[in-house]
Structures are given as C-alpha cells and as structure tokens.
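Read through the structure below, which is laid out as structure tokens, and then see the notes.
The values are calculated or read from the model by the stated rules, or taken from the named source; none is laboratory data. Note that the coordinates shown come from a computational prediction; the quantities given were computed from them, not determined experimentally. So basically every Cβ, Gly included, is an ideal-geometry build from the backbone, and we count neighbours across all protein chains shown. When the accessible area is computed, the model is the full protein with side chains, heavy atoms only, and any ligands, DNA or RNA have been set aside. Shrake-Rupley method; radii C 1.70, N 1.55, O 1.52, S 1.80 Å.
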Amino acid sequence: PPRVVVITSGKGGVGKTTTTANLGMCLARLNFKVVAIDADVGLRNLDLLLGLENQVKYTAMEVLNGECRLDQALIRDKRWTNFELLCINKPRYKMPLGFGGKALTWLVDALKKRPEGMPHFILIDCPAGIDAGFITAITPANEAILVTTPDITSLRDADRVTGLLECDGIKDIKMVVNRVRSDMIKGEDMMSVLDVQEMLGLPLLGVIPEDSEVIKSTNRGYPLVLKNPPTLAGLALEQIAWRLVEQDSMKAVLIEE
Ligand code: ADP
Ligand code: MG
C-alpha cells in the first residue's frame, strides 16, 4: 500500500511546502510514483514552488462534484513524469464548505484504486495552525514529517502538533530541522539540533541548513533538488528522501558545513 505522509509543523513559514515539493521530486527521481496533495487550501502555493501554477485546470473540488475525473485533476510534472500534483481548490478560494477529513480520505482511496497503479507515496502539504484544515490534512495520513526551525515558537507549536498527531493515531512521526545555521549554533545564538531533538523526542529525519538558494528556487518555481550543481540545502533534502525510503533516522551531531 502507498505510504501516506503528512508534512506538518504547527507554525507557518517553517518550510513545509519546500520540504513537500523537494521530497516529492527526489522520490520521483528515485523511481517512486508520487502524488503531492496541496491541502493548504487557503494559502495554496505548492503549485508555485513546483512551477506548475499555469497547469492547474481542474482541482479536487471538481472531482468531488463529479465535474471531472480524478486523472484530469492530477498535474503531471514534465521533468519527472512519475510526480503528480493535486490541488484541492483554485487559488484565492477559501476552504470549501463540507471539505474535510472524509473527502480527503475519499481522494486518497481513489488514488490507491487508479487503474494505472497506486502511487508509492502520497505526500500531503498541511496548512499552518491546528484547526479544521490541519485536522483534514492529517486524517488520511499514516505517518508524519514534522518540520521545525530551531526557535522556541516553532518548537512549542511542533510539540503541540506532535500531541495532536498521536491522539489521531499517527505514531510514525519523524522531524526535520530546517534553517539551521552552524555559525549561530557555535556562537550559542541558536539552539543546536541536539537540543531540538531532546525537546521534541522524535527521530531525526534530517537537517536542512539556512541557504539563500532555497529562496531563489522558491521564486523561480524550480525545486532546489533539481538544481545543478547541487546546493547544500538540496543535498540535505535528498538525504531526507533517502532516509524516508529506508525508514531510517540520523544522529543529531553538530552539523559542519
Ligand atoms: P511553510 O510551507 O511551512 O509555510 P515554506 O516552505 O513556504 O513554509 O517556506 C517559507 C519561506 O521560507 C519560503 O520563502 C522559503 O523560501 C523560505 N525557506 C524555507 N526553508 C529555507 C532554508 N532552509 N533556507 C532559506 N530559506 C528557507
Ligand atoms: Mg506552505
């Protein structure tokens, strides 16, 4: 069966969408079939990060209303054709009334039953916060990637979210620490990855350094992991994909550049 992974954080702007887009691309490049679902309905931007915004003709809402087939709403990436994107709604729309965990679970089940074969990974990009949109996004998932940055506000939200995920029966939770700066850690101006891990008590899937290349790739709609020559953050994201596949985690040693 496919692995249904929700990428979540609690706090906004910590790197969920960046992680979803790049992880999806890496997994596709490793020959897995991947569907990424943008469940951040209010602030939809996974399509932008992937540079696919002009190709969104149909969304899950039209599928649920019987106005198109599921495969019409799946946007196939031209670079890696085993990567597909599903948006819930057109941009600048609010969360549609009646769209909740049940509807998302129905979509995930429909993806599993596709005649062209079920995907290996279904990645769900979760909205920030812990209200209805969050609950919807985590409902069909059986594992979670918790993205956090090494600061107390992000960590407090991450801790809260971990509790909610566990309540929902999601026991497989791994964390990604994003925007880490070794110079600041050395100067004791930033929490170390080890500190973060001790606070959250979760297995560490990976560490992504602060890297201006991430912002450039966001603005270009070109996922960082496709960039040649590779970048620091891109390599970190690639390792995260590997560890996800191998159900592995890493030790929180001091990350040297
Ligand atoms: P979220 O989906 O959690 O709201 P995003 O993935 O959209 O967060 O990232 C928010 C912003 O932070 C984006 O502009 C992105 O380019 C930037 N960003 C994310 N990770 C990094 C990083 N490691 N280094 C530098 N900028 C980053
Ligand atoms: Mg996002």
task = Tell me, please, whether a residue that is among the aliphatic types (A, V, I, L, M) and touching a Ser or Thr at 6+ places or on another chain (Cβ under 6 Å) can be found in segment 54-73.
result = yes
Within segment 1-54, restricting to residues that are within 15 Å of Arg79 (Cβ to Cβ) and assigned to a strand (DSSP E or B), the one that is farthest from ligand 1 (Cβ to nearest atom) is Val34
Residue pairs within 9 Å by beta carbon, gap of at least six or interchain, first lying in segment 43-66 and at positive phi, second at pLDDT 95 or above and within 16 Å of ligand 2 (Cβ to nearest atom), listed first then second, are Gly51/Pro223
If we keep only residues of segment 44-66 that are open to solvent by 30 Å² or more (accessible area, probe 1.4 Å) and farther than 22 Å from Thr105 by Cβ, then the residue nearest to ligand 2 (Cβ to nearest atom) is Asn45
Sole miss for Ser9 among (1) open to solvent by less than 10 Å² (accessible area, probe 1.4 Å); (2) polar (S, T, N, Q); (3) at pLDDT below 95 is condition (3)
If you go through Ile170, Ile255, the only one that is modelled with pLDDT of 95 or more and surrounded by 13 or more Cβ atoms within 10 Å (Cβ to Cβ) is Ile170
Within segment 14-32, of all residues that are open to solvent by 10 Å² or more (accessible area, probe 1.4 Å), more than 15 Å from Phe134 (Cβ to Cβ) and not aromatic (Phe, Trp, Tyr), the one farthest from ligand 2 (Cβ to nearest atom) is Asn31
- Item | Glu238 being under 22 Å from Phe83 (Cβ atoms), open to solvent by 60 Å² or more (accessible area, probe 1.4 Å) and under 18 Å from the mean Cα position of the chain (by Cα) | yes
Restricting attention to segment 67-91, the residues that are more than 11 Å from Ala28 (Cα to Cα), open to solvent by 20 Å² or more (accessible area, probe 1.4 Å) and part of a loop (DSSP other than H, G, I, E, B) number exactly 5
Expected single match for free of Cβ contacts under 8 Å to residues at least 40 places away in the same chain, in a helix (DSSP H, G or I), open to solvent by less than 60 Å² (accessible area, probe 1.4 Å) and among the polar types (S, T, N, Q) among Thr105, Thr136 is Thr105
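If you take the residues in segment 144-158 that are outside any loop (DSSP other than H, G, I, E, B) and over 18 Å from the mean Cα position of the chain (by Cα), which one is surrounded by the fewest Cβ atoms within 10 Å (Cβ to Cβ)?
Our first condition is that a residue be outside any loop (DSSP other than H, G, I, E, B); within segment 144-158, this holds for 144-148, 152-158.
Keeping just the survivors that are over 18 Å from the mean Cα position of the chain (by Cα) gives 152-153, 156.
Values: Ile152: 9, Thr153: 12, Arg156: 14.
Residue satisfying both the conditions and the ranking: Ile152.
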Among (1) more than 11 Å from ligand 2 (Cβ to nearest atom); (2) at pLDDT below 95; (3) buried (at least 24 other Cβ atoms within 10 Å of the Cβ), Val35 falls short only on (2)
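Kindly indicate which of Lys90, Lys102, Lys112 is at pLDDT below 95 and over 22 Å from Ser217 (Cα atoms). Give the steps one after another, and end with the answer.
On the way: Lys102 fails: at pLDDT below 95; Lys112 fails: at pLDDT below 95.
Result: Lys90 is the single residue among Lys90, Lys102, Lys112 that is at pLDDT below 95 and over 22 Å from Ser217 (Cα atoms).
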